[in-house]
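So the structure is just underneath, and the comments pick up after that.
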Amino acid sequence: MPLMTWELWLARDIVADNPLPWQKSMDKLTPGRVAQAMGGVLAVIGTPTLPPKPRGKSQGWTPGKRRSRKNRYPTVKKTAHKPRKEKRKSA
């Protein structure tokens with residue numbers, strides 16, 4: 001928590017006051033007001049991540065690519081079970 005407050009205090013000079021309609025403008029911004037305006041700073045800085053990959057319908061096969069049939073394997077069937085041997089009844 002203290003580290004976050006310190007970062008907000010350091011960012012006071014960078015951010016512009018962007019009050020909500022019911023808030024008054026301030027000369028010296030509080031940490032809460034700085035946190036409220038940090039979205040603009042982060043939008044200018046950008047992000048180190050790559051843009052998202054396209055989703056939806058795939059492009060399909062590339063033209064000229066040869067298609068091969070699927071490998072077919074024989075069907076494996078369960079074997080019939082042998083009936084259990086009955087125990088002999090002793091006399």
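Values quoted throughout were computed directly from the atomic coordinates according to the rules given, and no laboratory measurement underlies them. Predicted model only: the values in this text are computed from it and were never measured. Neighbour counts are summed over all protein chains in view; Cβ atoms, including those assigned to glycine, are modelled from backbone coordinates with ideal geometry.
Values computed for the structure shown
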item	result
The stretch 33-76 - Debye-derived log10 I(q)/I(0), Cα point model, q = 0.18 Å⁻¹	-0.84
Cα lying deepest toward the dipole's positive end in the stretch 7-91, options 58, 43, 25, charges on Cβ	58
Exposure proxy order (Cβ contacts within 10 Å, fewest to most) of 3, 29	3, 29
Dipole magnitude of the chain about its Cα centre (Cβ charges: Lys, Arg +1; Asp, Glu -1), debye to nearest 20	2560
The chain - mean residue ellipticity at 222 nm from DSSP helices (-39,500 (n - 2.57) per run, n ≥ 4, rounded to 500)	-8000 deg cm²/dmol
When the convex hull of its Cα atoms is projected in every direction, mean area for the chain (nm²)	22.2
